[in-house]
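This report concerns only the one structure given below.
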Amino acid sequence: MAKRPPSFTNPKGKKRSGWSKKGRKSAHERGYGWAWRKLRAFILRRDKGLCQPCLRNGVTTLAREVDHIIPKEWGGSDDEGNLQSICIDCHKAKTAEEGNTGKAMDHRLASNPMAHPPWLCRSVIPVTIVTGPPGSGKSSYVNDHAGDSDCVICFDQIAANLFKSDGQRVHQMLSGPQVKAVLQERNKAIGRLMTSATNYSKAWIIVSDAQSERRRWWSETLGADVVVMLTPASVCKARITKDEANGERRPGNSEAIVDQWWWNYTPWSGDQVVKPQRKHTRRARTHR
């Protein structure tokens, strides 16, 4: 008589799925209760049931889920502007990328993933990245070119708003937790550019990336133009000295930061380089 084939049923008392692990919080406890289901239905209607990441790539796909553009662990919220409809494949890919930062990003950028979040994707509005050393004129350039309906995202300004610095530059005097808080707010603002809920015409993001691979990352990730303020170190330092003489409080190592930026600088073919214009002075004629 043939032996009975072995049984493949789980032993009595053994859990069948990892979702039933002891101590795991319920969906309601994790923030996905009735209120979330109601919000989820609203987002799907708002986005007409279409996957937003696919739309940004020119593909029409039905959405089955709703995703936090900025993950909750990165400071994201349930605000409508931080939510997007998404298909299952895109959601899986995005979740894997967020949970595997070291592999998803270039190893040279992975040292500070909050500075270059791996979950960012192409913006729905035009974006210009403006970078350069301290004193190069980044803020002045943006102020001269940004329109009234544009969005300006600047680390210094966010830090000033969060920590009541009365407009002073405080980014080099922040503690580690404070820097994290500022980056979280900055990343939330950038994340809103990835959803159709944004009301801005264009965005300007001020950074200080000297390395070409980091500027290329911004360009490829957001679909952004990159402007580099190639102001000579001597001019940057002279401006810093002048600002300090006018009462602006800057970190004591500002000039060293300028030197460090130029030491790390590498050109990239995608850069739009801006150099300061020389002021030409006409010599007075002398009559003999």
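Bear in mind these aren't lab numbers, they're just calculated from the coordinates by the rules spelled out. Quick caveat: nothing in here was measured; it's all calculated off a predicted structure. Here the Cβ positions follow ideal geometry from the backbone for every residue, glycine too, while neighbour counts run over all protein chains shown.
Please say if region 29-98 is rounded, prolate or oblate, where rounded means a/c under 1.5 for a ≥ b ≥ c the square roots of the C-alpha gyration tensor eigenvalues, and otherwise the choice is prolate for a/b larger than b/c and oblate otherwise?
On the way: a/c = 1.88, a/b = 1.26, b/c = 1.49.
Judged from the Cα gyration tensor, region 29-98 comes out oblate (a/c at least 1.5, b/c at or above a/b).
How high is the FRET efficiency from Asn143 to Lys72, r the C-beta distance, R0 41 Å, rounded to 0.05?
0.75
Under a Cβ-only charge scheme (Lys and Arg +1, Asp and Glu -1), can you give me the dipole magnitude of region 127-274 about the Cα centre, in debye to the nearest 20? Write out the running numbers ahead of the final one.
On the way: 16 positive and 16 negative charges, 61 e Å.
Rounded to the nearest 20 debye, it is 300 debye.
As a calculated quantity, the FRET efficiency between Asn199 and Tyr265 at R0 = 51 Å, using C-beta atoms, amounts to about 0.90. With all pairs of different alpha carbon atoms counted, what Kirkwood hydrodynamic radius in Å does region 127-274 show? After inverting the mean inverse Cα-Cα distance, the result is 16.0 Å. Assuming R0 = 30 Å, what is the FRET efficiency of Ala256 and Phe163, from their Cβ-Cβ distance, to the nearest 0.05? The computed FRET efficiency comes out at 0.85. The distance linking region 109-162 with region 186-222 is 6 Å (Cα centroid to Cα centroid, whole angstrom). Computed from label points 7 Å out along Cα-Cβ, the spacing between Lys48 and Gln211 is 4.1 nm. Stretched out straight at 0.36 nm per residue, the stretch from Ala96 to Lys242 would grow longer than its current Cα-Cα span by 47.7 nm.
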